[in-house]
Amino acid sequence: MNRGRTWLVAIALTLAPLSVSADDVSGATKILCAATEATVCTFDGECEIGAPWQWNIPSFVVIDLDAKTISTTGSAPEKRRSEFSRVERDEEHVVLQGYENGRAFSFVIHLPTGEMTAAVARDGVAVSAFGMCTDHEAGDD
């Protein structure tokens, strides 16, 4: 690789994280989140990283902190809705947890940046996902 090309690659790698950002969701009660990467691991130690849709993870979910629900958006081909039983919130994070149909799930959202980490565990399978969130009601006036 020639020297000029090396610098272009270095600059692109440095700027790439800046082009993907989420929003401050500190005051939000309804949060829209999108998974950007997922990992699925099975009991035998096999893991695979890939796009969320490979494992039927919805493109977008709406987290309603007041109603304690997670649901797909209205345009989603498959309508899903789950309730969560626990919400913890401090100045920097909101954490929610629930259990449904043999699956335990947990979300951690960093409020100042909207960055999301989620995990779902069921018998013999663990799924983790990273994503970004924004205030679902910010554009509603």
Worksheet item: With θ set to phi - 60° and the Karplus curve 6.51 cos²θ - 1.76 cosθ + 1.60, what are the ³J(HN,Hα) couplings of region 23-30 in order, to the nearest whole Hz, using x for Gly and Pro?
Response: 10, 5, 10, 4, x, 6, 10, 10
Item to complete: Please go through region 36-141 and write out the GluC sites (Glu not before Pro) that DSSP classes as loop and that have at most 10 other C-beta atoms within 10 Å.
Response: E46, E78, E91
Worksheet item: For T113, T72, what's the largest-to-smallest order of accessible area, 1.4 Å probe?
Response: T113, T72
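The values are calculated or read from the model by the stated rules, or taken from the named source; none is laboratory data. Predicted model, so just to flag it, every value in this text is computed and none were measured. As a convention, Cβ positions derive from the backbone with ideal geometry for all residues, glycine included, and neighbour counts pool all protein chains shown. Just the protein is used for accessible areas: all its heavy atoms, side chains included, with ligands, DNA and RNA removed. Shrake-Rupley method; radii C 1.70, N 1.55, O 1.52, S 1.80 Å.
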